[in-house]
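Data block below; observations after.
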Amino acid sequence: MIKELRIDSSRPGLHEFTSQVAEIVSDGGLEEGLCTIFVRHTSASLTIQENADPSARRDLEAWLERLVPERDKLFTHTAEGPDDMPSHIKAALTSTSLSIPIVDGALALGTWQGIYLWEHRRGRRSRRIVIHLAG
Amino acid sequence: MIKELRIDSSRPGLHEFTSQVAEIVSDGGLEEGLCTIFVRHTSASLTIQENADPSARRDLEAWLERLVPERDKLFTHTAEGPDDMPSHIKAALTSTSLSIPIVDGALALGTWQGIYLWEHRRGRRSRRIVIHLAG
Amino acid sequence: MIKELRIDSSRPGLHEFTSQVAEIVSDGGLEEGLCTIFVRHTSASLTIQENADPSARRDLEAWLERLVPERDKLFTHTAEGPDDMPSHIKAALTSTSLSIPIVDGALALGTWQGIYLWEHRRGRRSRRIVIHLAG
């Protein structure tokens, strides 16, 4: 089964959408299976991270921001704005697809795991995510 | 089919569990299919790496340790210990899920590929891993 | 369904093979499903990246090259050549497996997404990739 989600990201950083995926899994009615999440962009990515303390997510965002700063003299691909090339690098270092088992009709996430869209660009954007479910 | 494994990690770094996954695949009896491995934690992760020379794994661990050191002044999420925030970053840079095809009844790993749990925290821990098999 | 591809990489960097995967998906005849791609090596990896402007790929390659330089004093695993240990690190930071949903009989890639083998070693090499398709 295939479903498509749109996640609106109003700012760079982590945007949780665990509950939307959980609802699709619940509607799917599979007792056991696999849920695969795919983001259809190269300047946003996916990650599973701690969903408890927001300071962990802020530190994660700040750390990657420092590792991949804008206006690096190495960059030649600058026509799409200073946040474009860093966004491709950040996407390459994180994930475009994630697969999560379904156990007892629900995502087999650990207690502290949330599913996040990682927006790497500035500006209001709407990101397309495809969800595949199978037994 | 779903199976759960527990991997005990007594120290930070790479812990191989290829043989446990291979046994689950063998027991599953699928000639062709897909084996997906998912770790239910945000301070440990998964990787497929060279299983031959242990020096390659030690260098990999040391390199990531240097890239993401403890006690970085940028960190505000420090309440859970100095090794907690680096562990979330290291998990984000590696993998939470891996999918390996099954061919002729066995994992289609290359000759030099082993499956590893990458423990990013200190102390004796038991990590939960979910394995999904399908044809 | 399982298919194996060989991708010849004559130089380090990104080698697109989207059209080969698309052809396998088309031949498979699935209207809906999941395509999983797995690389059987630890010194090459997979990534989905922008397929439009080649400068984005060149900058991505150059950035990772600078992050993981050869002849780092930290390396002890040097017997297989100066490009071997950096190649394992680069593989760990990117992906060994990717899963892409199949929608309306085709890969659900975004407009600007291409599938790439990322060769991390020098010299002419032939890399083995396994493709799994399921509904």
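The values are calculated or read from the model by the stated rules, or taken from the named source; none is laboratory data. This is a predicted model, so every value here is computed, not measured. We place every Cβ from the backbone using ideal geometry, glycine too, and count neighbours over all the protein chains shown.
Some observations on this one:
- Sub-7 Å Cβ pairs linking a first residue in segment B:19-32 that is over 16 Å from residue B:6 (Cα atoms) to a second residue that is assigned to a loop (DSSP other than H, G, I, E, B) and modelled with pLDDT under 95, at least 6 apart or interchain, are B:30/B:135; B:32/B:135, ordered by first then second residue.
- Residue within segment A:58-67 that is under 17 Å from the mean Cα position of the chain (by Cα), surrounded by 15 or more Cβ atoms within 10 Å (Cβ to Cβ) and within 30 Å of residue B:2 (Cβ to Cβ) present: yes
- For segment A:87-109, the count of residues that are farther than 24 Å from residue B:41 by Cα, more than 9 Å from every other protein chain (Cβ to nearest Cβ), crowded, with 22+ Cβ neighbours inside 10 Å and modelled with pLDDT of 95 or more is nonzero.
- Scanning segment C:6-36 for residues that are within 29 Å of residue C:82 (Cβ to Cβ) and among the aliphatic types (A, V, I, L, M) turns up C:7, C:14.
- Neighbours by Cβ (under 6 Å, 6+ apart or cross-chain): first from segment B:43-55, part of a loop (DSSP other than H, G, I, E, B); second hydroxyl-bearing (Ser, Thr, Tyr): B:43/B:87
- Hey, residue B:24 closer than 14 Å to residue B:132 by Cα, β-branched (Val, Ile, Thr) and touching a helix residue (DSSP H, G or I) at 6+ places or on another chain (Cβ under 7 Å) or not: no
- Evaluation of residue C:100 against (1) touching a Phe, Trp or Tyr at 6+ places or on another chain (Cβ under 9 Å); (2) within 30 Å of residue B:56 (Cα to Cα) (one fails), failing number: (2)
- Lone qualifier among B:122, B:71 - being on the phi > 0 side of the Ramachandran plot and either surrounded by fewer than 21 Cβ atoms within 10 Å (Cβ to Cβ) or at pLDDT 95 or above (or both): B:71
- Whether a residue is touching a Gly at 6+ places or on another chain (Cβ under 7 Å) and either over 30 Å from residue B:1 (Cα atoms) or among the charged types (D, E, K, R) (or both) was assessed, and residue A:70 does not pass this test.
- Checking each residue in segment C:15-41 for being touching a Ser or Thr at 6+ places or on another chain (Cβ under 8 Å) and either of a type in the set (Val, Ile, Thr) or crowded, with 22+ Cβ neighbours inside 10 Å (or both) picks out C:34, C:35, C:36, C:37, C:38, C:39.
- Residue among B:58, B:71, B:66 that is more than 26 Å from residue B:130 (Cβ to Cβ), basic (Lys, Arg) and not in a helix (DSSP H, G or I): B:71
- Applying a threshold of 7 Å to beta carbon distances and a minimum spacing of six or more residues, or different chains, the list of pairs starting in segment B:60-84 at a residue that is more than 11 Å from chain A (Cβ to nearest Cβ) and ending at one that is in a loop (DSSP other than H, G, I, E, B) and aliphatic (A, V, I, L, M) reads B:62/C:74; B:63/C:74; B:66/C:74.
- Within segment B:43-56, restricting attention to residues that are of a type in the set (S, T, N, Q) and more than 14 Å from chain A (Cβ to nearest Cβ), the residue that is nearest to residue B:92 (Cα to Cα) is B:49.
- Of all residues in segment A:13-42, those that are over 18 Å from the mean Cα position of the chain (by Cα) and either within 14 Å of chain C (Cβ to nearest Cβ) or in a strand (DSSP E or B) (or both) total 3.
- When segment C:42-57 is filtered for residues that are over 22 Å from residue C:101 (Cα atoms), surrounded by fewer than 21 Cβ atoms within 10 Å (Cβ to Cβ) and among the hydrophobic types (A, V, I, L, M, F, W, C), nothing remains.
- Residue A:96, sole failed condition from (1) touching a residue at least 60 places away in the same chain (Cβ under 8 Å); (2) touching a strand residue (DSSP E or B) at 6+ places or on another chain (Cβ under 8 Å); (3) farther than 24 Å from residue B:75 by Cα: (1)
- Some residue of segment A:100-114 being assigned to a strand (DSSP E or B), within 16 Å of the chain's Cα centre (by Cα), β-branched (Val, Ile, Thr) and closer than 18 Å to residue A:5 by Cβ: yes
- Residue in segment B:116-132 that is nearest to the chain's Cα centre (by Cα), counting only those that are part of a strand (DSSP E or B) and within 27 Å of residue A:89 (Cβ to Cβ): B:117
- Just one residue in the set C:67, C:117 is in contact with a Lys or Arg (Cβ under 7 Å, 6 or more places away or on another chain) and either of a type in the set (A, V, I, L, M) or closer than 30 Å to residue A:35 by Cβ (or both); that residue is C:117.
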